[in-house]
């Protein structure tokens, strides 16, 4: 019965791997190249660089993957909520029993989607204050050098240089970047931050920046709407002019820049004044200033003349003052003469009552000589009397006996002290067979451990000192291994 059932049921049997491989070949064979339109959902970037996202509409969801090599060359950045058109191939993922789209290219589904994304990004950055008017910096009146960030091969840089040359030639530093396509936003942001990172004293730091690009579609200008570029422009401390596209084109960098120019040529016109017009204005200012100064000087001259008419003549003022000076000089001369006469008379009167100094010195000398004679005579007599008294005193027997008794007592005390000193001296101990051990520096050795550390020793006996080494056997007494005799000092 079993054999008949097996013959009738001829359905092939697959392993799980075989079935998964068959499905993979079928799906990839039937959908080798597909184009799918949908809204991005669940976008994430793996550490490996691969991108994972889902495309959805109102009825279904399709899992997709973008391998790292393709992700690095996408012309746009995937974001949740953005409607896109993706080209790729269908495949299966056997580990999860799922099918997925391997994306090879991605574009926005239309200008409407990009505009919606642009508006959403504009609102978010505006809420952060990146477009606030108080952040705007004024442009320098005449920059020393200008930094330009644009493509080095396009017509934009030529238009800017030509316009600057016509108006007011200035040194231009070009930072070449891509202005469209993958990686353009990173290059533009790096250029802005690179110029801004130069030190203020660096001679290459520009006083003004111009970010420029020619016109194009919204997709072509999308690099200037990227958040990376907008934040770099908002953070830049150098005044920045945005000149992206034509007058009708508006990008987010225009809102973050200090000034928006409708075209790159207009940016060059904003950057510098017209040299000829500036010279004409300076000439006009010079003429106006000279005219104002002349009118002011003329008015002041008339005012001084009017004031001078109300003043008296200088000759009259000086003549009267000179006359007063002469009168007071004469009075001062008379007063000084009278004062000098009075002082001279008083001095003569005082001098008449003074004694001649020579006479005073002679009298003082005679007095001093008399005093010296009296003092000498008195001193000699006193010395003679003292000598006689000393001689009598030395001949007295009592003095001699007292001196002998004092000396005898001192000798007795000295002998007693010597006996006590000898009794406590260590030399008496050495005479009884003891010895004193000292180290090389003269320190006392009181223990065997200290002797081993010292090495070189000095032994003091009652009749002298002997130097020795620790661990050295005396000469003539070297025993064998079983010899019990002492081979060293310790």
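The values are calculated or read from the model by the stated rules, or taken from the named source; none is laboratory data. Being a predicted model, the structure only gives us computed values, none of them experimental. Positions of Cβ are generated from backbone atoms using ideal geometry, with glycine treated the same way; all protein chains shown enter the neighbour counts.
Quick rundown of the values:
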read-out: Top-ranked residue of the stretch 38-58 - restricted to ones that are at pLDDT 90 or above and touching a helix residue (DSSP H, G or I) at 6+ places or on another chain (Cβ under 6 Å), ranked as farthest from residue 109 (Cα to Cα); value: 50
read-out: Scan of the stretch 215-257 for residues that are touching a strand residue (DSSP E or B) at 6+ places or on another chain (Cβ under 7 Å) and not in a loop (DSSP other than H, G, I, E, B), ordered by number; value: 224, 233, 240, 241, 242, 243, 244, 253, 254
read-out: Whichever residue in the stretch 193-214 is in contact with a strand residue (DSSP E or B) (Cβ under 7 Å, 6 or more places away or on another chain) and closer than 23 Å to residue 247 by Cβ and, among such residues, is surrounded by the most Cβ atoms within 10 Å (Cβ to Cβ); value: 211
read-out: Criterion: closer than 23 Å to residue 223 by Cβ, in a strand (DSSP E or B) and not assigned by TED's automatic domain parsing to the domain that holds residue 218 - qualifying residue of 65, 84, 36, 70; value: 84
read-out: Options 62, 53: the member that is surrounded by 19 or more Cβ atoms within 10 Å (Cβ to Cβ) and either at negative phi or under 53 Å from the mean Cα position of the chain (by Cα) (or both); value: 53
read-out: Any hit, the stretch 465-481, residues being modelled with pLDDT of 75 or more, surrounded by 10 or more Cβ atoms within 10 Å (Cβ to Cβ) and part of a helix (DSSP H, G or I); value: no
read-out: Odd one out for residue 117 among (1) at pLDDT 90 or above; (2) part of a helix (DSSP H, G or I); (3) surrounded by 15 or more Cβ atoms within 10 Å (Cβ to Cβ); value: (1)
read-out: Qualifying position, being touching a helix residue (DSSP H, G or I) at 6+ places or on another chain (Cβ under 6 Å) and in contact (Cβ under 8 Å) with a residue 24 or more places away in the chain, among 142, 118, 114; value: 118
